[in-house]
Amino acid sequence: MTDVTAEIAQMEDRRWEAQIAEDISTLEQLYAPELSYTHSNGHVDTKESYIKAIANKVFDYRSEDRTDTAFVVVGDTAMVTGRVKIHVIAGGADRHLDARYSVIWVRRNGTWQFLCWQSTPIPS
């Protein structure tokens, strides 16, 4: 793992920890203003709508387990792909999701920001 991929891996860990802890201050810092978060059901959130949903427990993340993680870095852009199992209370329903995902991070002024999430459910 290169220094940059290790840094991105740490950013991913930090992002998940903040989502589970509902640490809105950290999420405000990590999420890019242009965030596009496409859920496995096709719903798309912006930075504002996603943070609001987490703060209001529309999405109450309990745990995540990432595997098959791969990193590609091109200049100031990093892509992370993998598989994730997520335990979340979504809209009051207890859900256990199993999905493939893609994440985009972008570096601005020396700081990495979470720009995009896209997930696709894996059929059971």
Exercise for the section: Tell me which residues, restricted to segment 97-124, are within 19 Å of Ser40 (Cα to Cα) and either aliphatic (A, V, I, L, M) or modelled with pLDDT under 95 (or both). Expected result: Leu97, Ala99, Val103, Ile104, Leu115, Ile122, Pro123, Ser124
Exercise for the section: Looking at (1) surrounded by 15 or more Cβ atoms within 10 Å (Cβ to Cβ); (2) in a strand (DSSP E or B), find the lone condition where Thr5 falls short. Expected result: (2)
Problem - Residue selected from segment 33-43 under the condition out of contact with any helix residue (DSSP H, G or I) (no Cβ under 7 Å at 6 or more places or on another chain) and surrounded by 14 or more Cβ atoms within 10 Å (Cβ to Cβ), by the criterion farthest from Pro123 (Cα to Cα) - result: Ser36
Practice task
Restrict the check to segment 47-63 and report whether at least one residue is surrounded by 16 or more Cβ atoms within 10 Å (Cβ to Cβ) and modelled with pLDDT under 95.
Solution key: no
Practice task
Determine if segment 72-82 includes at least one residue that is touching a residue at least 40 places away in the same chain (Cβ under 8 Å) and farther than 22 Å from Ala21 by Cβ.
Solution key: yes
Problem - Criterion violated by Ser25 - all others in (1) without any contact (Cβ under 8 Å) to a residue 60 or more places away in the chain; (2) in a helix (DSSP H, G or I); (3) within 18 Å of Gln118 (Cα to Cα) satisfied - result: (3)
Exercise for the section: For Gly91, state whether it is over 13 Å from the mean Cα position of the chain (by Cα), within 18 Å of Thr111 (Cβ to Cβ) and surrounded by fewer than 16 Cβ atoms within 10 Å (Cβ to Cβ). Expected result: no
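The values are calculated or read from the model by the stated rules, or taken from the named source; none is laboratory data. Every value quoted in this text rests on a predicted model; they were computed, and no experiment measured them. We place every Cβ from the backbone using ideal geometry, glycine too, and count neighbours over all the protein chains shown.
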